[in-house]
Amino acid sequence: MIFVVIALIVLAAIILPGLWVKRILAKYSTPKDRYADKGTGAELARHLLDQNNLQHVGVEPTETGDHYDPLTTTVRLTKDKFHGHSLTAITVAAHEVGHAIQHARNEHLFRNRLRLAKLAATGQKVGSAVILVAPVVTVLARSPALGALCLAIAIGSMLLSTLVHFITLPVELDASFGKALPMLKQGNYLHPGDLPHANKILKAAALTYVAASLASLLNLGRWLAVLRR
């Protein structure tokens, strides 16, 4: 019974952060025209970038999730935020601009995050590849121990991504509360009464990668379940 309880607690710890992030971002995506008088998420991002002398940083729509791309120095927003006038749209836009500011200032935490992110991406690719070849290696080598070693390497590689996002969480929190929130306050961009809600959105934006990384552990669990059959 205790193992069932522990399993449920672990499952909740993996699933709940992602559900909370999605709920918060969706909740404040309506009304869709709340900030129609102040512009779209893309327009606010462009304005904030220009204010911080970051005219070289671009703003583009994307299909792959809101993010700042340090390789091309581009703030990318999903279409609902790029063209949107909701509280979520402008708050998330400010968060991503926060990352652009971190990059422009060459902040220590941001530099470390880039290094660790590259390591995590490589580890995840290795983990996925090893999971695929582990059954073949086990059969061909006729060595369960070798197969177990492959699985251990795969699990470690996949867990690395989650660990990296936890380690670099201060970078996300700084983008939200050290950069985005002060800009939103000082520029009086928020309507009266929206500050507490913007705080929730900024927390959700900071936890997005952690939540997604935790969710990826479920896929690892599914792979392991398949391999045990």
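The values are calculated or read from the model by the stated rules, or taken from the named source; none is laboratory data. Just so it is clear, the model here is predicted, and its values are computed rather than measured. Here the Cβ positions follow ideal geometry from the backbone for every residue, glycine too, while neighbour counts run over all protein chains shown.
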Inset, instruction - Using the structure shown, decide if Ala205 is at pLDDT below 75 and aliphatic (A, V, I, L, M). - result: no
Inset, instruction - Of all residues in segment 39-48, count the ones that are surrounded by fewer than 23 Cβ atoms within 10 Å (Cβ to Cβ) and at pLDDT 95 or above. - result: 5
Legend entry - Those residues of segment 181-219 which are surrounded by fewer than 18 Cβ atoms within 10 Å (Cβ to Cβ) and in contact with a His (Cβ under 9 Å, 6 or more places away or on another chain), in sequence order: Gly187, Ala212
Inset, instruction - Would you please name the residue that is farthest from the chain's Cα centre (by Cα), looking only at residues in segment 110-128 that are within 22 Å of His95 (Cβ to Cβ) and touching a residue at least 12 places away in the same chain (Cβ under 8 Å)? - result: Asn112
Inset, instruction - Taking the residues in segment 49-75 that are of a type outside the set (Asp, Glu) and under 21 Å from Ala198 (Cβ atoms) as candidates, determine which candidate is surrounded by the most Cβ atoms within 10 Å (Cβ to Cβ). - result: Val75
Legend entry - Residue tally, condition in contact with a helix residue (DSSP H, G or I) (Cβ under 7 Å, 6 or more places away or on another chain), of a type in the set (A, V, I, L, M, F, W, C) and over 16 Å from Ala100 (Cα atoms), over segment 170-201: 3
Inset, instruction - Kindly provide the set of residues from segment 145-180 that are without any contact (Cβ under 8 Å) to a residue 24 or more places away in the chain and crowded, with 18+ Cβ neighbours inside 10 Å, ordered by number. - result: Gly147, Cys150
